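Notes follow once the structure below has been shown.
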Amino acid sequence: MARLFLAAVPPVEARSALVEGCQRLRRSGVKAQWQPTEKLHVTVCFFGEVAHQAVESLIDGLRTALAEVSAAEVAWGTLGAFRLGKPGGILWAGVEEFPERAVLTAGHRCAAAVAEALGLPYDRKPLRPHITLARHLQSGHVLQEYLGELLSDIVPQLQAVPSFYIDTLILMASQWQGDQLRYLPQARFTLAALSDHR
């Protein structure tokens, strides 16, 4: 079985801005599993465990379906955290689409349709585009009392790269290698330029 998801990976300058903006949070004593630059991504569609013999069919289906999706610009949204003070807390940065060019939503819709047609699993929850910055946040007074102030450090970094272009989606496999969880690209799907669909 392969644990698969479809991802959008921001350009390195956008990912680096997020990592740089988190430095004060990291130094402040907030305990968490911080995501390195190379792991930062938007999950467009999570498939979960897929039989190895079905992976090629999934790739073929995605290649056909995503040919109808146009590349587009997206922008940073809000910053926040899930499950503060509870096990498995997550720090995240939201990603916003422009309504007339909703590349992530279109990619999610196509991927879900392919999985449905092939009888493969996929996460049926509505897409809320975000990038996970840290996992397993530990509760503590530094995080709970000063999260808003500390998050404000990220904003100037993001203003340097206020938006970025999504022109490729990647089918990833998450795989443990020793004690490290790696994201391994299985296939890349280049999206059409906006002018191609006019």
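Tabulated values for the structure
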quantity: Residues that are closer than 27 Å to TYR165 by Cα and either in contact with a Leu (Cβ under 9 Å, 6 or more places away or on another chain) or assigned to a helix (DSSP H, G or I) (or both), drawn from the range 26-43; calculated: TRP34, GLN35, THR37, GLU38, LYS39, LEU40, VAL42, THR43
quantity: Top-ranked residue in the range 1-21 [being touching a strand residue (DSSP E or B) at 6+ places or on another chain (Cβ under 7 Å) and not hydrophobic (A, V, I, L, M, F, W, C); ranked as surrounded by the most Cβ atoms within 10 Å (Cβ to Cβ)]; calculated: PRO10
quantity: Residue match in the range 44-61 (condition: surrounded by fewer than 19 Cβ atoms within 10 Å (Cβ to Cβ), outside any strand (DSSP E or B), touching a helix residue (DSSP H, G or I) at 6+ places or on another chain (Cβ under 6 Å) and without any contact (Cβ under 8 Å) to a residue 40 or more places away in the chain); calculated: no
quantity: Given (1) small (Gly, Ala, Ser); (2) over 22 Å from LEU4 (Cβ atoms); (3) at pLDDT 90 or above, number of the condition GLY80 does not satisfy; calculated: (3)
quantity: Selection within the range 30-43 - out of contact with any strand residue (DSSP E or B) (no Cβ under 7 Å at 6 or more places or on another chain), of a type outside the set (Val, Ile, Thr) and either closer than 15 Å to ARG182 by Cα or loosely packed, with under 12 Cβ neighbours inside 10 Å (or both); calculated: PRO36, GLU38
quantity: Selection count where residues are under 26 Å from ARG135 (Cβ atoms) and either touching a residue at least 60 places away in the same chain (Cβ under 8 Å) or within 12 Å of the chain's Cα centre (by Cα) (or both), scope the range 97-109; calculated: 4
quantity: Qualifying position, being hydrophobic (A, V, I, L, M, F, W, C) and part of a helix (DSSP H, G or I), among ALA14, ALA93; calculated: ALA14
quantity: Residues that are among the β-branched types (Val, Ile, Thr), modelled with pLDDT under 75 and surrounded by 12 or more Cβ atoms within 10 Å (Cβ to Cβ), drawn from the range 145-198; calculated: ILE154
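The values are calculated or read from the model by the stated rules, or taken from the named source; none is laboratory data. These numbers come from a predicted model, not from an experiment. When we count neighbours, we look across all protein chains shown, and the Cβ atoms used for this are built from the backbone with ideal geometry, even at glycine.
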